[in-house]
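Below is one structure, written out as structure tokens, with a few remarks after it.
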Amino acid sequence: MYQKPSVPRSIGGVLDDTLQLYKASLPSCWLPALLVSVVTAALSYFVVASVPLTAATLEPAQLLARYRNMLGAFGIWYLVVIALTLVLYGMLIVNVAAVSRGEIPAFGASLAKGARRAPALLVASIVFFIAITIGFILFL
């Protein structure tokens, strides 16, 4: 069971506490993590499977045109996958936070809270992407 540290810790102690927290939260986090993997793997499979095996013999311009035509069909699915992923990642964050407070999170309650937090996660993801892009441009 995870116990919150009561005094400041060295870096080794912080890492040890982190590993204990993740070990304690694993029973409540494996199912949402598996669902995220299944959702993204299914979409990836359908995108790859929709391109015939003859694509290897196509010229790059033709292959790019084929992927552009697929964008309309799979664009909606990408948005659905992004929404589901944000909800499930929010659920993971809720579960880890609950375990850190010594609570045992229920699947339905953490799913509902993750769904309520999904818009904030979307905004945070956009801000993170913008910050990384600006940092990369400044780096170059």
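So which residues in the stretch 6-42 are open to solvent by less than 60 Å² (accessible area, probe 1.4 Å) and more than 20 Å from LEU92 (Cβ to Cβ), if there are any at all?
First, pick out the residues of the stretch 6-42 that are open to solvent by less than 60 Å² (accessible area, probe 1.4 Å): 12-13, 17-18, 21, 24-25, 28-29, 32-33, 36, 39-42.
Hits for the stretch 6-42 are GLY12, GLY13.
I'd like the full set of residues that are open to solvent by 30 Å² or more (accessible area, probe 1.4 Å) and either of a type in the set (Gly, Ala, Ser) or touching a Phe, Trp or Tyr at 6+ places or on another chain (Cβ under 7 Å) (or both), limited to the stretch 101-120.
GLY102, ALA106, GLY108, ALA109, ALA112, ALA115, ALA120
Name the one entry in ALA56, ALA83, ALA65 that is at pLDDT below 75 and in a helix (DSSP H, G or I).
Numbers: ALA83 fails: at pLDDT below 75; ALA65 fails: at pLDDT below 75.
Among ALA56, ALA83, ALA65, only ALA56 is at pLDDT below 75 and in a helix (DSSP H, G or I).
Could you tell me which numbered condition LEU71 fails, if it satisfies all but one of (1) more than 22 Å from PRO32 (Cα to Cα); (2) at pLDDT 90 or above?
(2)
How many of the residues in the stretch 68-100 are of a type in the set (Ser, Thr, Tyr), under 21 Å from SER44 (Cβ atoms) and surrounded by 14 or more Cβ atoms within 10 Å (Cβ to Cβ)? Spell out the reasoning first.
If we filter the stretch 68-100 for residues that are of a type in the set (Ser, Thr, Tyr), which is where we start, we get 78, 85, 89, 100.
Cutting the leftovers down to under 21 Å from SER44 (Cβ atoms) gives us 78, 85, 89.
Next cut, surrounded by 14 or more Cβ atoms within 10 Å (Cβ to Cβ) only: 85, 89.
Residues in the stretch 68-100 being of a type in the set (Ser, Thr, Tyr), under 21 Å from SER44 (Cβ atoms) and surrounded by 14 or more Cβ atoms within 10 Å (Cβ to Cβ): 2 in total.
Are any residues in the stretch 104-133 among the charged types (D, E, K, R) and out of contact with any helix residue (DSSP H, G or I) (no Cβ under 6 Å at 6 or more places or on another chain), and if so, which ones? If you could, list the steps in order and put the result at the bottom.
As a first pass, look at the stretch 104-133 and keep what is among the charged types (D, E, K, R): 113, 116-117.
ARG116 - this is the single residue of the stretch 104-133 that is among the charged types (D, E, K, R) and out of contact with any helix residue (DSSP H, G or I) (no Cβ under 6 Å at 6 or more places or on another chain).
The values are calculated or read from the model by the stated rules, or taken from the named source; none is laboratory data. Computed from a prediction, not measured in an experiment: that's the story for all the values here. Neighbour counts run over all protein chains shown; Cβ positions are idealised from the backbone, glycine included. Quick note on the areas: whole protein, heavy atoms, side chains included, nothing else; ligands and nucleic acids left out. Shrake-Rupley method; radii C 1.70, N 1.55, O 1.52, S 1.80 Å.
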